[in-house]
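Since the structure comes first, as structure tokens, the remarks are kept for the end.
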Amino acid sequence: MNMELPVISLKAKRNSLHPWIFNRMIRHPQRRLKPGTLVEVVSKEGTFVGRGIYNYKSNIGIRLLTENVSEPLNSEFFLKKFTQAKILREEILGIHKTSDCYRLIHGEADGLSGLIVDKFADVFVVEPYSAGYTETIGWIVSSLRSLYSNAKILVRPDERTAVKEGIDFSGIANNYPGPDTVEITEHRLRMKVNLRTGHKTGFFLDQRENRFTLSHYCPGKEVLDCFCYTGGFALSAMVMGAKSVVGIDLDEKALETAQENARLNSVKATFKHGNVFDHLRMMIHNNEKVDVIILDPAKLAGCKEEIRRAHRTYGDINRLGMHVLKPGGILLTCSCSGLVSERDFLSILTRSAADARVVLQIFKVAGASPDHPFSTIFPEGRYLKAVFARVLPL
């Protein structure tokens with residue numbers, strides 16, 4: 001059955017296929033529609049534009065989900081999107097052959113603006129960034145259960161999103177509490193994921209291929225994993241035969257999980273609670289060097305006002321990191337700030353190398369794992385930069 005949707009018209013001409021329509025472009029109805037209402041969108045002339053999620057409280061007033069006039073928004077629509085998403089991850093990419101975890105829905109790139117769904121073994125973590133998914137959670141759950149018969153579902157909203165969207169997500173979160181923890185397998189690595197205290201959905205699946213790539217450069221090497229979180233890079237290196245690994249992070253709960261993960265993989269690793277900048281300065285002072293260093297800080301620029309400071313911080317951390325590498329050592333440095341472009345990040349690294357009196361021999365520039373695609377109508381979906389380089393003395 002197709003429901004009649006409220007009609008919202010635009011007051012400005014839409015010049016792109018981008019799925020976001022900002023508030024200022026919309027002729028808002030006098031009778032307030034509650035945040036997250038599914039609507040039909042028409043141009044100011046009255047021609048069909050698409051169907052999507054409306055929220056007058058959000059800066060993104062409409063998130064378009066379809067521009068196909070004959071495609072209603074219903075349970076079949078969601079099942080089709082989820083099926084297409086699963087085909088990419090399994091039939092095309094074959095991720096399930098080596099890992100039981102992947103991102104199933106990556107927002108706009110999978111045609112569901114503002115929705116993230118991560119698969120951790122048989123647990124699916126749903127992270128809504130839009131009020132509309134409180135209304136459509138039933139369709140999301142039925143799609144997951146029809147594609148994965150043993151699916152356990154956990155809805156984990158972000159508090160900042162709730163404020164931005166002007167909505168309380170606690171109802172759907174309480175209805176789908178899911179388990180507290182889950183164990184996953186990624187290539188040869190076994191990891192416990194804490195679904196209560198972990199960042200984002202619990203684990204950073206976007207670094208899967210970069211962890212695997214880096215681990216191949218680590219046999220017999222001394223490795224330093226900065227901002228190590230629950231030990232993904234550090235333990236991938238140990239499983240592949242690193243001589244030793246030290247992981248540094250400020251999140252004590254994450255470090256407890258990292259210790260558990262070391263036991264789970266039957267490897268020894270040292271995890272230290274501390275500030276990465278202080279630790280690197282101490283190493284420089286003591287003339288301590290390592291063979292491999294990973295620099296993977298949390299997002300440093302969440303809005304335009306933070307970009308300049310992010311550039312400075314990336315510059316500082318990379319300069320310090322280059323100082324603690326042995327000549328010819330391997331650097332993996334990452335930026336997950338979408339507002340810092342790849343070009344800008346590479347120029348920051350160039351300056352850091354000059355300041356550190358080294359040359360970077362960059363041999364791979366990667367991004368997020370392929371289960372985090374980006375689309376031509378939403379290029380912002382390409383956010384992660386991962387630069388692999390050999391660090392050579394001048």
*When you go through SER369, SER337 one by one, which is the residue that is surrounded by 17 or more Cβ atoms within 10 Å (Cβ to Cβ), assigned to a loop (DSSP other than H, G, I, E, B) and in contact (Cβ under 8 Å) with a residue 60 or more places away in the chain?*
SER369
*Look through ILE317, ILE348 and report the one residue that is over 25 Å from SER236 (Cα atoms) and either surrounded by fewer than 19 Cβ atoms within 10 Å (Cβ to Cβ) or modelled with pLDDT of 95 or more (or both).*
ILE348
*Does SER236 satisfy the condition of being surrounded by 20 or more Cβ atoms within 10 Å (Cβ to Cβ) and of a type in the set (S, T, N, Q)?*
yes
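Just to be sure, is ASP278 closer than 25 Å to LYS364 by Cβ and not hydroxyl-bearing (Ser, Thr, Tyr)?
Details: closer than 25 Å to LYS364 by Cβ: no; not hydroxyl-bearing (Ser, Thr, Tyr): yes.
No, not satisfied.
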*Only one residue in SER236, SER266, SER244, SER215 is over 24 Å from the mean Cα position of the chain (by Cα), closer than 14 Å to ARG188 by Cβ and of a type in the set (Ser, Thr, Tyr), so which one is that?*
SER266
*What residue, of ALA389, ALA354, ALA366, is of a type in the set (Gly, Ala, Ser) and in contact with a Leu (Cβ under 6 Å, 6 or more places away or on another chain)?*
ALA389
*For residues that are outside any helix (DSSP H, G or I) and free of Cβ contacts under 8 Å to residues at least 12 places away in the same chain, scanning just region 139-180, find the one that is nearest to PHE82 (Cα to Cα).*
SER149
*asked:* If I ask for residues that are in a helix (DSSP H, G or I) and closer than 12 Å to VAL358 by Cα, which ones from region 300-330 would you list?
replied: ASN318, ARG319, LEU320, GLY321, MET322, HIS323
*Six or more apart or on different chains, Cβ under 8 Å: which pairs go from a residue in region 33-46 that's closer than 13 Å to THR136 by Cα to one that's polar (S, T, N, Q) and assigned to a loop (DSSP other than H, G, I, E, B)? Could you list them?*
PRO35/ASN55; PRO35/SER58; GLY36/ASN55; GLY36/SER130; THR37/ASN55; LEU38/THR136
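The values are calculated or read from the model by the stated rules, or taken from the named source; none is laboratory data. The shown structure was predicted, so the numbers you read here are calculated from the model rather than taken from an experiment. In this analysis, Cβ positions are derived from the backbone assuming ideal geometry, glycine residues included, and neighbour counts consider all displayed protein chains.
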